[in-house]
Amino acid sequence: MIASMTEPEDRTAPERQRLPEMVQPAVDSLPGLARVAASAAFHTTEWGVKTSAKAWLRVGRAMTSREEAALLARNAGEGVAVFGELARSVSSGVPMAKALQSAGESLGGLVGPPPVVNGQVVGSRDVPKTLRERGHELLEKSRDVWNTDQGHPAYGRILEQLAPDEARILLLLLEGGPQPSVDVRTGGPIGMVNSHLIAPGLNMVGARAGCRYLDQVPSYLNNLYRLGLVWFSRESLRDPLEYQVVEAQPDVLEAMHSVRFAKVVRRSIHLTPFGEDFCKTCLIEEEQTDQAFPEHSLPPDGDDGPEPPSTG
């Protein structure tokens, strides 16, 4: 009977490797089954020592955080239930080693990853902050002379909302400067009194930038305008030669031939100051930021610019 309870030496090898040297001699002197139980008990106690400090930190956070207090109360109830189940298992004849292992796994789950509610981690430092707390944190950063944060915090979100072709358009505007654009309107004697817009914002931005989907360029420009990266000026570029190729394009000629009298109104597309900084921060190499780039006109203070190109 005693022999049957003695486990082979190699089965306790992993336990021996994981125990400290000062505890190992005492454990080795126990019979096989008792040795396994003692090893599991030691690791359960070790777990308790390591997590006790964390538990007191959680108690401190619970005094100022309603979410942390609720989570701590729930974990405490679950912990009591685990130890109650351990006692019932041992009294019903479950081997001590198996019961301790099961309890250890349950307790480990209590200190595992915190629950996530609506995409936010609850019960830790990641508890959602109030707007006032975030505002105070922002002001603290503004007073920190050692703060090395570069780039506007919105740049990360903007990158997620850009198509690859839109990045090409931004690079064209940064490196190639403002781009020509034309509106086709009704002309002639009637047009002098009451001119109607036929086709707005026709340009060659997509072709010059090497966009893959040229038919999506009006949508691209609308999105860049929405993000505050570009603006559409009513003024033409200084060099009239910039418009000769644009006005010879099939879509411009088609719009002009769609009415009896038509006229072309020259416009231009520019980066905003925000868009220039975004391009220099996110789209080019750091060593290129000091080079001279073409200048863009500043957008007007009011809403005086033309509407973005039509996507229809």
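Just to verify a result, which residue in the stretch 222-248, among those that are of a type in the set (G, A, S) and touching a residue at least 12 places away in the same chain (Cβ under 8 Å), is surrounded by the fewest Cβ atoms within 10 Å (Cβ to Cβ)?
Taking the stretch 222-248 first, the residues of a type in the set (G, A, S) are 228, 233, 236, 248.
Now drop any that are not touching a residue at least 12 places away in the same chain (Cβ under 8 Å), which leaves 228, 233, 236.
Values: G228: 15, S233: 20, S236: 17.
The selected residue is G228.
Among the residues of the stretch 134-171, what is the count of those that are over 16 Å from the mean Cα position of the chain (by Cα) and at pLDDT below 95?
Of the residues in that region, 17 qualify.
What residue, among those in the stretch 249-282 that are hydrophobic (A, V, I, L, M, F, W, C), over 41 Å from the mean Cα position of the chain (by Cα) and buried (at least 16 other Cβ atoms within 10 Å of the Cβ), is farthest from E295 (Cα to Cα)? Walk me through it before giving the result.
Going through the stretch 249-282, the residues hydrophobic (A, V, I, L, M, F, W, C) turn out to be 252-253, 255-256, 259, 261-262, 264-265, 269, 271, 274, 278-279, 282.
Next cut, over 41 Å from the mean Cα position of the chain (by Cα) only: 253, 255-256, 259, 261-262, 264-265.
The next check asks that each one be buried (at least 16 other Cβ atoms within 10 Å of the Cβ); those that pass are 255-256, 259, 262, 264-265.
Details: A255: 31, M256: 31, V259: 37, A262: 32, V264: 25, V265: 22 Å.
Here the residue is V259.
Could you count how many residues in the stretch 224-278 are of a type in the set (D, E) and outside any helix (DSSP H, G or I)? Write out each step before concluding.
So in the stretch 224-278, the residues of a type in the set (D, E) come out as 235, 239, 242, 247, 251, 254, 276-277.
Still in the running and outside any helix (DSSP H, G or I): 235, 239.
Residues that pass the stated criteria total 2.
Would you be able to tell me the number of residues in the stretch 154-197 that are part of a helix (DSSP H, G or I) and surrounded by 12 or more Cβ atoms within 10 Å (Cβ to Cβ)?
In the first step, residues of the stretch 154-197 are kept if they are part of a helix (DSSP H, G or I); the result is 155-160, 164-176, 188-193.
Now narrow it down to the ones that are surrounded by 12 or more Cβ atoms within 10 Å (Cβ to Cβ): 155, 158-159, 165-176, 188, 190-191.
Of the residues in the stretch 154-197, 18 are part of a helix (DSSP H, G or I) and surrounded by 12 or more Cβ atoms within 10 Å (Cβ to Cβ).
Return yes or no: is Q216 without any contact (Cβ under 8 Å) to a residue 60 or more places away in the chain and assigned to a helix (DSSP H, G or I)?
Numbers: without any contact (Cβ under 8 Å) to a residue 60 or more places away in the chain: yes; assigned to a helix (DSSP H, G or I): yes.
Yes; evaluated as a whole, the condition is true for this residue.
The values are calculated or read from the model by the stated rules, or taken from the named source; none is laboratory data. Every value quoted in this text rests on a predicted model; they were computed, and no experiment measured them. Cβ: placed from backbone, ideal geometry, glycine included. Neighbour counts: every protein chain shown.
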